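Where a number appears in this text, it was derived from the coordinates with a stated rule and is not lab data. Note that this is a predicted model, so its numbers are computed, not measured. All Cβ positions, even for glycine, are placed from backbone atoms using ideal geometry, and neighbour counts span all protein chains on display.
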Amino acid sequence: MQDLLPISYQLAWPLAILVAWIAGEFGYRLTRLPRISIYGLVGFLFGNLASGVLPQSETETLMLLASVGFGLILFELGYRINLRWLRTNPWLGVTGAVEAIATFGLVYFVADWYGSPPLASLLLASLAMSTSPAGIMRVLNEQQSSGQVTERVLHLSALNCVLAVFAFKVIVGIGVFQTSGNLLQAASNSLAVLAASAGLGALLGILVPGLLRRLGNMAQDATLAFAIAVILLVAVTHAFKFSPLLATLTFGIVARHRRVTLNRTQRNFGVMGDLLAILLFFFVATTLDWRQVAGGAGLALLLIATRFVTKTLGVTAFSRLSGISWRKGALTGMALTPISVFAILLLEQTRRLGVDLVDGLPPLAAMALLLEVVGPIITQRALIWAKETPDTTENY
Amino acid sequence: MPLEPFKYSESLTLGVELELQLVSLSDFDLTAASPDMLDLLARKPFPGTVTPEITESMIEIATDVHTGHTQLLGQLRAIRDTLVKAGDMLNVGVCGGGTHPFQKWSERKIFSKPRFKQVSTLYGYLAKQFTVFGQHVHVGCSSGDEALFLLHSLSRFVPHFIALSASSPYVQGRDTLFNSARLNSVFAFPLSGRAPFLLRWEDFERDYFTRMEDTGIVRSMKDFYWDIRPKPEYGTIELRVCDTPLTVDRAAALACYLQALCCYLLERKEAPPAEDDYLVYNYNRFQACRFGLDGTIVHPKTHETLSIREDLLTTLRNMEPYADKLGSEAALEHLYHVTHVGSDAHYLREEYATSGSVEGMLNAAIHRFREDSPLPDGRDAAHLAH
């Protein structure tokens, strides 16, 4: 028996991923719910029931793999962003700014009213601004949707994530300064890191397409080259404690806009992307402790409702001006619900910097769990109601 | 439903329909944008008509009835500007070209309208494969007999229109070596090809349409996908072989070339059309699709082998007096220019070579659609600045 224990340790993660995949496929066939919602649910159950079996020593590696998975998704998001659109249709930028800032303000107000400490309220508010690119990209690709809700969700998510990362880092910076009194540490935790991360992403965004051009096989698929570059970028930012989120997103955007030509990449980075997505959504949910979830549930529900209403109204308000119907505007706002992976990875990365915020944010675990499961379902419904998904009655 | 009577139209009046691509400016793939585009366009009066097409990544526009080149071009440009502006609001690029160079047919969505759904159920993948983009030109005819006479007399000139408009060299990401690969998709339909050789409307109705209707295969003229087909409810014949050109200027020029040809044919100086003219029809059509202006055709009467370019130049010269009469000298001038610099298919291949990717080529096509007539060297100002 004693010999079996180390083996079960080694097998825990591969088996867990297998279970998540099987549950995801069967769940999708039976319920048509997004697979990532099911991975999240299974991850949460697994993480809490089998927490004794999971070897803690591997968490760091898994964290890195999850970051790579997320990096690939962020790159793909950046690669689908057309910055010129914000110029030709300025109301889209206004929508994004208003929706994100209003969410920040109202979530802060509600958290503060509920009695959260000011710093916790600010952090919750900054996280609530963002829409998880992982949640929406997986659902958009799974549904093969196309149309205005799809396009706008992509662009608004990129916009509010950048705003959220900035707000979050600045607030963490202030928090660190308050506790340690070390201005240098505070500064290094915030803006300088962001600038370095974005710079690194931009650099690769120029170098990789240039290299591809030199190779001269532009007509061919560039998926592999970009995937390797994303892995490198995540590893470098991980090692130097920069922001992989901002770096990979910038990489995608710059690679697209600084290109000599465009290269096609496979949606979701093909099979590798699918594999890492299982790991990502599953792993992130295993980090959520049910005690924390239960403890913060009340405020979490209140904040989720506030965020949902603010985002929906914020986007709807400018829908006619920006060229779509009220209905599509409202559906776009709804589709911005997912948050979890983005918020949790941001917190995990902050923890690696020596600032543990999770314990100080009681409602966050419950928010993350609920939205990890429910968020993608809402996005999926919004796309179906907007009639942007293929008609499943066409059997060919 | 019996065939409706052929409505009277004034001879040589013109109308143009263009099927256009809706391309996402994020990744240059076709995007199911027509519901959103139509919704946005409905807010303001449209300078013509705009309708959905079978898949949601296509949109069709049509002009009013015109008599001359200037008004036709004016309206086409106004329509284009309205579309481009709406597209900018929605991150959608509107462009010409007979095929999208790398779309996957399986990803297309059928527009929600009963007729489209029926067609899709009947034809299966052919319906989605039919996400190709053509220009249709209507020419008014004073009677059904005149329509059938023009329809068959024009068959000899069909290769000209294919070669001049050709803009579909790429399909599914690859160069097909065709200049117009689009027509191969049209040919897959069972009721495509040429109209039966009947010269009197009465005969056409009694000996062909009614009998076809009795077989249960067709219910209306819409079920025929012929290269040129009569349209009795408009009182026109409709030329359907052209790829949608990359610019509306070329679309107007092609329409006016057809008008001049009809004007010439109605003088009945040429030998009358005969069934045997069609012996060479499919061969000539293939040559034009495959080689464009560099193809060779066989003259249906003399059986002489001709280069399409030479034959076209001769015909353009012969049409000059008619163009003068109709006020469309600029249109012929535009087409002369095409015979020198090459068709849109040639332009697209050059763009592919320069940019190295089908996306880069599509980007150039989107910019070109926004422009008025291209510069003499065949490249537009936007491209040079790009």
Can you pull out the GluC sites (Glu not before Pro) in region B:1-78 that DSSP calls coil and that have at most 14 other Cβ atoms within 10 Å?
B:E10
Of the convex hull enclosing the alpha-carbon atoms of chain A, the direction-averaged projected area in nm² is 21.1 nm²
Calculate the dipole size of region A:270-396 relative to its Cα centre from +1 charges on Lys and Arg beta carbons and -1 charges on Asp and Glu beta carbons; express the result in debye to the nearest 20.
500 debye
Sorting A:A196, B:F102, A:Q143 by the position of each Cα along the dipole of the protein assembly as shown (Lys, Arg +1; Asp, Glu -1; all at Cβ), the one nearest the positive end of that ordering is A:A196
Which of A:T312, B:L348, B:A253 sits farthest toward the positive end of the charge dipole of the protein assembly as shown, with +1 on the Cβ of Lys and Arg and -1 on the Cβ of Asp and Glu?
A:T312
Using a Gaussian network model on chain B with a 10 Å cutoff between Cα atoms, which of B:Q103, B:Q129, B:Q172 fluctuates the most?
B:Q172
Under 17 Å between C-alpha atoms is the cut-off here; go through chain B and count lysine pairs that meet it, provided they're at least eight residues apart or on different chains.
12
Based on alpha-carbon centroids, what's the gap between region B:274-321 and region B:125-144 in Å, whole number please?
22 Å
So the compactness index of region B:138-269, its C-alpha Rg divided by 2.2 N^0.38 Å, takes the value 1.12
Per residue of B:19-32, count partner chain C-beta atoms within 10 Å of its C-beta, then hand back the mean as an integer.
4
Using a cut-off of 15 Å between beta-carbons, work out the net charge of the residues near B:P300 (Lys and Arg +1, Asp and Glu -1, B:P300 not included).
-3
Diffusion constant of region B:243-386 at 25 °C, which comes from Stokes-Einstein with the Kirkwood Cα-pair radius and 0.890 mPa s, µm²/s
146 µm²/s
Relative contact order, percent, of chain B when contacts are C-alpha pairs under 8 Å separated by at least 6 residues?
22 percent
How large is the charge dipole for region B:14-385, taken about the Cα centre, if only the Cβ atoms of Lys, Arg (+1) and Asp, Glu (-1) carry charge, to the nearest 20 debye?
660 debye
Shape descriptors of region B:14-385 over alpha-carbon atoms, Rg and Dmax in angstrom, are 19.6, 59
Run down the aspartates and glutamates and flag those whose C-alpha is under 16 Å from the C-alpha of A:K328, throwing out any fewer than 8 positions away in its chain.
A:E99, A:E151, A:E388, B:D36, B:D39
Across region B:17-133, how large is the tail of the calculated P(r) beyond 16 Å, expressed as a percent of all Cα pairs?
60 percent
For B:Y281, B:Y170, B:Y257, B:Y208, what ranking results if the residue with the fewest other Cβ atoms within 10 Å of its Cβ goes first?
B:Y208, B:Y281, B:Y170, B:Y257
Hey, got the average number of other protein chain Cβ atoms within 10 angstrom for residues in A:145-153?
6
Where does the protein assembly as shown land on Rg/Rh, using Cα atoms and the Kirkwood Rh?
1.06
As a test of the formula, what do you get for chain B when each DSSP H run with n ≥ 4 contributes -39,500 (n - 2.57) and the sum is divided by the residue count, at 222 nm and rounded to the nearest 500 deg cm²/dmol?
-13000 deg cm²/dmol
Other protein chain Cβ atoms within 10 Å, averaged over every residue that makes up B:110-122:
1
Taking only Cα atoms and a 10 Å spring cutoff, compute GNM fluctuations for chain A and point out the largest among A:I378, A:I206, A:I228.
A:I228
Put in order of increasing Cβ neighbours within 10 Å, starting from the fewest, B:D88, A:D289 give A:D289, B:D88
Check: chain A dipole with +1 on Lys, Arg Cβ and -1 on Asp, Glu Cβ, in debye
1320 debye
Of B:L73, B:S26, B:N282, which is farthest towards the positive pole of region B:14-385's charge dipole, taken about the Cα centre with +1 and -1 on the beta-carbons of Lys, Arg and Asp, Glu respectively?
B:S26
Going by C-beta contacts inside 10 Å, put B:S185, B:S11, A:S130 in order with the fewest on the left.
B:S11, B:S185, A:S130
